[in-house]
Amino acid sequence: MRVFFMLLAIGLGALCGGVLLTLLLLPLWGWLDTRIGIEALGHSGPAPWCYGLSIGALALLGIILLARAHRRA
């Protein structure tokens, strides 16, 4: 049950942090849009895949850190 709550906390933290990270990376998304031609910025902000990439990266980082801490204990 403890691991479930830890994973829930990682998911919620990744969701909040991923949105913030996506907005902080607006210059990167704009560069990808103009230089490489990947549709990353629209008229209403970053594309959904930008949010998914940021949230997924933070969730993966959290799971890796949890696994390392769980292995040491």
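Please give the net charge around Cys50, taking every other residue with its beta carbon less than 14 angstrom from that of Cys50, where Lys and Arg add +1 and Asp and Glu add -1.
Once all neighbours under 14 Å are counted, the net charge is -2.
Assuming R0 = 25 Å, what is the FRET efficiency of His43 and Leu20, from their Cβ-Cβ distance, to the nearest 0.05?
Values: r = 21 Å, r/R0 = 0.85.
Efficiency, rounded to the nearest 0.05: 0.70.
In whole percent, what relative contact order does the chain give with Cα contacts below 8 Å and a gap of six or more residues?
That works out to 38 percent.
What angle do you read, to the nearest 10 degrees and between 0 and 90, between the alpha-carbon axis of helix 48-72 and the longest principal axis of the chain?
Tilt of helix 48-72: around 20 degrees.
At 7 Å along Cα-to-Cβ for each site, give me the label-to-label distance between Phe5 and Thr34 in nm.
For the pair Phe5/Thr34, the computed spacing is 4.9 nm.
What is the Å³ per residue value for the convex hull set by the Cα atoms of the chain?
88
Please determine, in degrees from 0 to 90 and to the nearest 10, the orientation of helix 2-24 with respect to the longest principal axis defined by the Cα atoms of the chain, where the helix direction is its Cα long axis.
20
Read the figures in this text as sums done on the coordinates, not as results from a lab. Keep in mind that what you see is a predicted model, and the values were worked out from it rather than measured. Reconstructed Cβ throughout: ideal geometry from the backbone, glycine too, with neighbour counts over all protein chains shown.
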